[in-house]
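Novice: Before anything else, here's the structure in question.
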Protein chains: 2
Amino acid sequence: MYPANFSPQIPDGEDRTRQVCGQCGFIAYENPKIVVGSVIAQDGKVLLCRRAIEPRRGYWTLPAGYLELGETVEEGALREAWEEARAKLELDGILAIYSIARIGQVQIIYRARLAEPGFAAGPESLEVRFFAWGDIPWDEIAFPSARWALKAWSEGSPLIAGNPPQDARGTAGL
Amino acid sequence: MYPANFSPQIPDGEDRTRQVCGQCGFIAYENPKIVVGSVIAQDGKVLLCRRAIEPRRGYWTLPAGYLELGETVEEGALREAWEEARAKLELDGILAIYSIARIGQVQIIYRARLAEPGFAAGPESLEVRFFAWGDIPWDEIAFPSARWALKAWSEGSPLIAGNPPQDARGTAGL
C-alpha cells in the first residue's frame, strides 16, 4: 500500500505510529473513512446491487461507498446510489451508524425511496434488482454491514443504539 | 501541507485530482475526517473547555476531536472528553451529525453525562467548567459547530434532520 521508501515511525511530538517517507519526511496520516449508503425500499422490497468489481465481485450489496471530500453525507449517499444503481433517491433519515474499527470505517446508512421511477446497473454493478424479504440471497451478501443494515431496516427500529449486531461494535441509528 | 515534491494530478483510471509524489508516485488520498464530541450536561449546565492550542486558542468549545484509526465513534468521544476535560462520560445517544463539506469534516456529537464526578483541564485546555445556559460566552465560542450543537441540545429535539443550522449543510440527529 505504501512505496518502499515509507516506514512506520512515531513523528516528533506524537504518540502514534504513522507511515513516514524516508526521503522527504512526508507523514501519511491515516484516518477512519466514512462509508455512506442506503437501504432503498419500495412496496416492502429492498434494492440490492450485484458487484462488478472486487472485493466480493458477484455478491450482492447495498449501494454504498466512500464519502468524498467536498460532499455532505447525504450527497455521498445520493451519488453512490446513482453510480451503482442509476437510482435517484429521496432520503428518509439515518437508519444506522456502524463503527467497524478493525477496518477503520464508520458507515452511515440511510433509509431511502426512489424519487423517480427507474434504476439500472451502473458501471460497478452487474445487476440491480428489488428483492422481497424472503428472496434476499443471504449467502451471497457481500459484506456483514449490508446484512446488519437490512435487518435493522426490517425491524423498523427507531434506534439501534445499545443493541448493535454481535460482530460489529455498533452505534446509534434512528 | 505537502512537501515540494508533491503536485496535484489525476491518477490513471480516476476522475479526481489527488496530491501525487513526483519522486515515488505515492498518491496521498484525502478523505473527509470524522470529528467526535459531546455536549456534557449536569443540572441543566453544559461543560465547555477553553482551548490551550491553536486554532482558536483561548476560546471555548465542546470536548471534541478527530476520530483515530481503530476506534469506534463512542470510544473516540470518550477519549476526547478525557484528553480535554479529564472527564469520564456516560453517552446518551447521538445529538447531531453535521456535514461541513467545505472543510471536509463530518461531526458526530453525543449527548453525555459525567459517569464519575470530577473534571479538570487536560493538556489541550486552559480551563474547563460548567456553564448555565444564560452564562455561555457566545462571543467566545471557538467554532460554529459547537454553537449548533449547544442549540440542538437546548432545544431537546429528537431529530434535527431537515432543519439544519443555516450555515451548515446539516444532517440527521436523534
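What follows is calculated from the coordinates using simple rules that are stated; it is not laboratory data. This structure is a prediction, so every number in the text was calculated from the model and none was measured. Every residue, glycine as well, gets a Cβ built from its backbone with ideal geometry; the counts of neighbours run over all protein chains shown.
Novice: Grab the other residues whose beta carbon is less than 14 angstrom from that of residue B:6, score K and R as +1, D and E as -1, and report the net.
Specialist: 0
Novice: Looking at the square roots a ≥ b ≥ c of the eigenvalues of the Cα gyration tensor of the protein assembly as shown, which shape do they give, rounded for a/c under 1.5, prolate if a/b is larger than b/c, or oblate?
Specialist: oblate
Novice: Right, another one. Only counting other Cβ atoms within 10 Å, I'd like A:110, B:2 sorted with the fewest neighbours first.
Specialist: Going from least to most buried by this count: B:2, A:110.
Novice: Can you list, largest first and rounded to whole Å, the semi-axes you get for region A:118-160 by taking the square root of 5 times each eigenvalue of its Cα gyration tensor?
Specialist: Working through the eigenvalues yields semi-axes of 22, 12, 11 Å.
Novice: If you take each beta carbon of peptide B:63-72 and count the beta carbons of other chains within 10 angstrom, what is the mean?
Specialist: 5
Novice: If you average the alpha carbon positions of region B:1-80 and of region A:26-66, how far apart do those two centres end up, in angstrom?
Specialist: Taking the Cα centre of region A:26-66 as reference, the centre of region B:1-80 is 23 Å away.
Novice: Report, to the nearest 10°, how far helix A:73-85 tilts away from the longest principal axis of the Cα atoms in chain A, using its own Cα long axis and a range of 0 to 90°.
Specialist: It is inclined by approximately 70 degrees.
Novice: Other chains near B:27-34: what is the mean number of their Cβ atoms within 10 Å of each residue's Cβ?
Specialist: Mean partner shielding for this stretch: 6.
Novice: Under the convention of a label 7 Å out along Cα→Cβ, give the distances in nm from residue B:103 to the same position in every other copy, shortest first.
Specialist: Counterpart label points of residue B:103 in the remaining copies fall at 3.1 nm.
Novice: Taking a label point 7 Å from Cα toward Cβ, how far is residue B:1 from its twins in the other copies, in nm, shortest first?
Specialist: Computed spacing set for this position: 2.0 nm.
Novice: Rounded if a/c is under 1.5, else prolate if a/b beats b/c, else oblate: with a ≥ b ≥ c from the C-alpha gyration tensor eigenvalues square-rooted, which is region B:33-157?
Specialist: Since a/c stays below 1.5, the shape of region B:33-157 is classed as rounded.
Novice: Which of B:145, B:125 has the fewest other C-beta atoms within 10 Å, and how do the rest follow up to the most?
Specialist: Ranked by crowding around the Cβ, least crowded first: B:125, B:145.
Novice: Shifting gears a bit: Once you sort the root eigenvalues of the Cα gyration tensor of region B:1-96 as a ≥ b ≥ c, which label holds: rounded (a/c under 1.5), prolate (a/b larger than b/c) or oblate (the other case)?
Specialist: Note, shape of region B:1-96 comes out prolate.
Novice: Can you tell me the orientation of helix A:144-155 relative to chain A, as the angle in degrees between its alpha-carbon axis and the longest Cα principal axis, to the nearest 10?
Specialist: Orientation of helix A:144-155: about 40 degrees from the principal axis.
Novice: While we're here: Give me the dipole magnitude in Debye, nearest 20, for the protein assembly as shown about the Cα centre, with unit charges on the beta carbon: positive for Lys and Arg, negative for Asp and Glu.
Specialist: So the dipole magnitude of the protein assembly as shown works out to roughly 140 debye.
Novice: Output the pairs from A:88/B:151; A:33/B:45; A:45/B:151; B:33/B:88 with a Cα-Cα distance over 30 Å in this structure; if there are none, say none.
Specialist: The answer is A:88/B:151; A:33/B:45; A:45/B:151.
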